Amino acid sequence: MIKPLADRVVIEPMEAQTKTASGLYIPDTAKEKPQQGTVVAVGPGKKDEPMEVKVGDVVLYGKYAGTEVTVDTKDYMIMKQSDILAIL
């Protein structure tokens, strides 16, 4: 498993929607990058900035935030806590 350092967080992004509310299927080329995910690991934080998120939180993050990594065929995002917009 990935162990983040300092104020970094590891997030497992949720799957992109494949169908609209009205029932139309979205092709792969038109799918948007998900901006929501579940926190799977949290760093220890910084002296002057405690960690507010915890493992299991569902969060919203910026569209271009973080770095995408793949570990054991699973996709994750690693980003700073400050890139997280909200906890759901």
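The values are calculated or read from the model by the stated rules, or taken from the named source; none is laboratory data. Quick caveat: nothing in here was measured; it's all calculated off a predicted structure. Please note: Cβ atoms are built from the backbone with ideal geometry, for glycine as well, and neighbour counts cover all protein chains shown. Note: accessible area is taken over every heavy atom of the protein model, side chains too, but ligands, DNA and RNA are not part of it. Shrake-Rupley method; radii C 1.70, N 1.55, O 1.52, S 1.80 Å.
At the residue level, M79 shows approximately 0 square angstrom of accessible surface with a 1.4 angstrom probe and all protein chains present. Distant-in-sequence amide contacts of D57, defined by a placed amide H-H separation under 5 Å and a gap of 5 or more residues or a different chain, comprise V39. For region 15-88, trypsin sites (Lys or Arg not before Pro) are listed when DSSP marks them as loop and at most 13 other Cβ atoms sit within 10 Å of their Cβ; the list is K31, K47, K54, K63.
Starting from the residue with the highest accessible area, list T29, T38 in decreasing order, probe 1.4 Å. Mind dumping the intermediate values first?
Values: T29 135, T38 45 Å².
Accessible-area ranking of T29, T38, largest first: T29, T38.
In this structure, the residue pairs whose Cα-Cα separation is over 23 Å, taken from K3/K47; K46/K80; K3/K80; K19/K63; K19/K80; K47/K74, are K19/K80; K47/K74.
Accessible surface for S82 stands near 80 Å², nearest 10, in the context of the full protein assembly shown (1.4 Å probe). When the chain is treated as a Gaussian network with alpha carbon springs shorter than 10 Å, the biggest mean-square fluctuation among A30, A21, A65 belongs to A21.
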